[in-house]
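A short worksheet on the structure shown next.
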Amino acid sequence: MKQTMRLDKLLAHTGYGSRSEIKILVKRGVIRMNDRPVKDSGIQVNPESDVITVEGEVVRYREFIYVMLNKPQGVISATEDTRDRTVLDLLDEEYTHFQPFPVGRLDKDTEGLLLLTNDGKLAHNLLSPRKHIPKTYFAEVEGAVTEEDGKSFQQGVELDDGYVTMPAQLVILRPGDPEQGIVSKIELTIMEGKFHQVKRMFQAIGKRVVFLKRISMGPLLLDEHLLPGEYRELTEDELLQLRQANG
Ligand code: URA
């Protein structure tokens, strides 16, 4: 059972304002606990068993949030930055007050699936190199990507720092034609997450990624209804699958 916590902390977490704002609500007599008006904003409450209402609305407490973002190009996967907009700048205050952070990184010019959460344990597990969570990327690559390239990726390629990648699966969706300036369209599934990994894997075979988008991470698939910059909370089913994949 969840332990007790201060009422003002619970309400602040749930988006009802700062502690001083909650004090004012208490003074106005609009906060009730188990149908009695609350007199002290610092009282201990049990979020699981006490029924709290603010102006008649039942407070739904939760500790963690899980947001699927379709990251657009031009924003960075960080919680703050002095120069660039971050993925957190895209979220409403309703979500940011939970202090979520991105689970892993996508490059500034990479689009696609990015999970944001304040659940440190789940994030840590998903990022653990021991877990080998598969991540699939859609990419457009200059020139012709071939089945031979697929074999190289299956065997592992040596990156610019000497690291040899784990086996990765390449699917050629449309072979490119350099003569006609047609880029190759591919999907690549990798089981690890080295810095700029997909771009560097193509660099290792002499090719250049010109567009990159993550389309899945473990059991999570990017919701195709989300335009770049849009987001939604994970469904219960997605969360369950993610927890199962995490072991
Ligand atoms: N690989 C890359 O090169 N960039 C990303 O953003 C993700 C994977």
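The values are calculated or read from the model by the stated rules, or taken from the named source; none is laboratory data. All of these numbers come straight from a predicted model, not from anything done at the bench. Please note: Cβ atoms are built from the backbone with ideal geometry, for glycine as well, and neighbour counts cover all protein chains shown.
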Discussion item. Only one of 193, 206 is in a loop (DSSP other than H, G, I, E, B) and at pLDDT below 95. Can you tell me which?
Written reply: 193
Fill in: Out of 111, 158, sole residue that is touching a Pro at 6+ places or on another chain (Cβ under 6 Å), at pLDDT 95 or above and among the acidic types (Asp, Glu)
111
Practice prompt. Consider residue 213 carefully, then state whether it is basic (Lys, Arg), within 16 Å of the ligand (Cβ to nearest atom) and not in a strand (DSSP E or B).
Written response: no
Practice prompt. Looking for whichever is surrounded by 16 or more Cβ atoms within 10 Å (Cβ to Cβ), over 16 Å from the mean Cα position of the chain (by Cα) and within 23 Å of residue 71 (Cα to Cα) here; the options are 217, 201, 191. Which one fits?
Written response: 201
Discussion item. Going by what's in this entry, would residue 107 be described as within 12 Å of the ligand (Cβ to nearest atom) and not assigned by TED's automatic domain parsing to the domain that holds residue 210?
Written reply: yes
Practice prompt. Please identify the pairs in which a residue from segment 208-236 that is not assigned by TED's automatic domain parsing to the domain that holds residue 159 and of a type in the set (Asp, Glu) has its Cβ atom under 7 Å from the Cβ atom of a residue that is within 16 Å of the ligand (Cβ to nearest atom) and not in a loop (DSSP other than H, G, I, E, B), counting only partners at least 6 apart or on another chain.
Written response: 230/70
Worksheet item: Out of (1) farther than 28 Å from residue 225 by Cβ; (2) buried (at least 18 other Cβ atoms within 10 Å of the Cβ), what's the single condition that is false for residue 166?
Response: (2)
Item to complete: Residue by residue through segment 77-102, note down the ones that are surrounded by 20 or more Cβ atoms within 10 Å (Cβ to Cβ) and aliphatic (A, V, I, L, M).
Response: 87, 88, 90
Worksheet entry | Residue that is among the aliphatic types (A, V, I, L, M) and either in a loop (DSSP other than H, G, I, E, B) or more than 14 Å from the ligand (Cβ to nearest atom) (or both), where the choices are 173, 114, 188 | 173
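Determine, yes or no, whether residue 141 is assigned by TED's automatic domain parsing to the domain that holds residue 204 and not charged (D, E, K, R).
Yes: the conditions hold for residue 141.
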Practice prompt. Provide a single number: the residues in segment 34-47 that are surrounded by 14 or more Cβ atoms within 10 Å (Cβ to Cβ) and either modelled with pLDDT of 95 or more or farther than 14 Å from residue 60 by Cα (or both).
Written response: 3
Worksheet entry | Selected residue [within 16 Å of the ligand (Cβ to nearest atom) and either part of a loop (DSSP other than H, G, I, E, B) or out of contact with any His (no Cβ under 6 Å at 6 or more places or on another chain) (or both)] from 144, 139, 123 | 139
Worksheet item: Restricted to segment 87-125, and to residues that are in contact with a Gly (Cβ under 7 Å, 6 or more places away or on another chain) and among the aliphatic types (A, V, I, L, M), which residue is nearest to residue 218 (Cα to Cα)?
Response: 106
